[in-house]
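Notes follow once the structure below has been shown.
The values are calculated or read from the model by the stated rules, or taken from the named source; none is laboratory data. The shown structure was predicted, so the numbers you read here are calculated from the model rather than taken from an experiment. Cβ placement follows ideal geometry from the backbone for every residue including glycine, while neighbour counts extend to all protein chains displayed.
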Amino acid sequence: MASTTSSDSGIYVRDTVETAAKLLVVGPFGVGKTTLIGAVSEIEPLRTEEVMTQAGALVDDLKGVEDKRTTTVAMDFGRLTLAPDLVLYLFGAPGQQRFMRVAPVWQQLAHGAYGALVLADTRRLDASFDAMEMVEKHGLPYAVALNSFPDSPHFPEEEIREALDLSPETPLVDCDARDRASAARALIALVKHVHTYYREHLP
Amino acid sequence: MTPRRVRTDLVRSYVITGGRHQPSRNTHSLELVSLVTATGDRPLGELDPERQKMVRLCQGGYLSVAEVAGHVRLPVSVTTILLADLIDSGHMVVRKPPPAARPTDLDVLEKVLDGLNNIL
Ligand SMILES: Nc1nc2c(ncn2[C@@H]2O[C@H](COP(=O)(O)OP(=O)(O)O)[C@@H](O)[C@H]2O)c(=O)[nH]1
Ligand SMILES: [Mg+2]
């Protein structure tokens with residue numbers, strides 16, 4: 001978990017940091033979000049949970065206790081010092097159906113994010129649809145990383161692109177979320193794409 | 001690699017925020033990745049245990065709002081309310097203005113790219 005430029009001040013962000021950039025890592029439960037974040041993070045990944053009503057409102061008062069229809073949304077995150085003045089935060093969040101109803105959490109996550117890495121598994125590509133829809137809904141550029149598990153079937157790239165309905169410019173990369181370099185390469189593919197996207201979409 | 005689970009206790013959250021779900025005036029400027037630190041020039045004695053814990057945590061340096069929440073094991077929503085109070089009372093400061101809702105800074109992206117290439 002050490003990085004060449006990682007903070008030498010333990011859990012703290014260096015005093016010299018001016019910019020905190022944010023990327024999202026999204027996909028269904030078990031697809032490898034926490035693993036990927038942990039592979040590149042310089043800190044032990046942290047987790048926070050938010051309790052929401054099913055209507056999507058944040059619950060932090062007693063009205064929520066009376067209303068039993070609540071759901072918990074967890075997000076994991078890690079940090080990477082990339083330059084003396086720059087840290088990158090990676091936030092992992094599920095894209096499950098129920099998560100769609102908890103819009104404030106997604107707004108908070110998407111706000112200020114440069115883009116998202118969508119993780120997918122060829123055994124269940126459709127499980128990533130919800131995450132892709134949420135990311136698209138928030139207007140975030142994204143790349144798709146296929147995590148290969150031992151029994152994940154291999155398909156030609158064109159078939160996968162078609163199944164996921166990817167536009168031609170959306171990167172599709174293979175990734176082993178457990179491997180630091182592989183995880184970093186997936187993030188590089190995303191950031192390159194985000195850079196191109198904003199260069200072309202800015203006035 | 002699975003981070004430890006954090007239980008979210010609604011009643012406890014209610015009590016430690018004083019029953020508020022509307023944060024103080026500073027909250028609008030706090031984002032998940034806003035960096036905060038303790039000023040070190042306000043007494044801790046007047047604070048309740050949760051707020052004291054946050055200030056102590058942040059005496060060591062800068063942390064993002066999300067990291068503070070993770071370390072003190074509270075939801076981000078509750079953490080934001082408490083941090084806003086602590087900024088109002090002068091115990092804490094935010095380092096940076098919040099990032100744009102839709103950041104498009106190509107220079108930052110190039111730096112991120114260089115940094116990621118360096119760890120390969
Ligand atoms: N073979 C393989 N296993 C992986 C990969 N990514 C994650 N795993 C394993 O899949 C399980 C679920 O991963 P996790 O990161 O917790 O998924 P999350 O729910 O998306 O956060 C863990 O046991 C990981 O070790 C991968 O790229 N390849
Ligand atoms: Mg996880």
- Looking at the range A:22-40, which of the residues that are over 15 Å from A:Ser128 (Cα atoms) and more than 10 Å from ligand 2 (Cβ to nearest atom) is nearest to the chain's Cα centre (by Cα)? A:Leu23
- Only one of these is at pLDDT below 95, under 21 Å from A:His111 (Cα atoms) and either away from ligand 2 (no atom under 16 Å from the Cβ) or aliphatic (A, V, I, L, M) (or both): A:Gly64, A:Gly56. Name it. A:Gly56
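So, of the residues in the range A:163-202 that are polar (S, T, N, Q) and farther than 13 Å from A:Leu36 by Cα, which turns out to be surrounded by the most Cβ atoms within 10 Å (Cβ to Cβ)?
A:Thr170
Select from the range A:122-131 the residues that are touching a residue at least 40 places away in the same chain (Cβ under 8 Å) and over 11 Å from the mean Cα position of the chain (by Cα) and write down the one among them that is surrounded by the fewest Cβ atoms within 10 Å (Cβ to Cβ).
Among them, the one singled out is A:Arg124.
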- Item | Tally, over the range A:133-162, of residues that are in contact with a helix residue (DSSP H, G or I) (Cβ under 7 Å, 6 or more places away or on another chain) and at pLDDT below 95 | 3
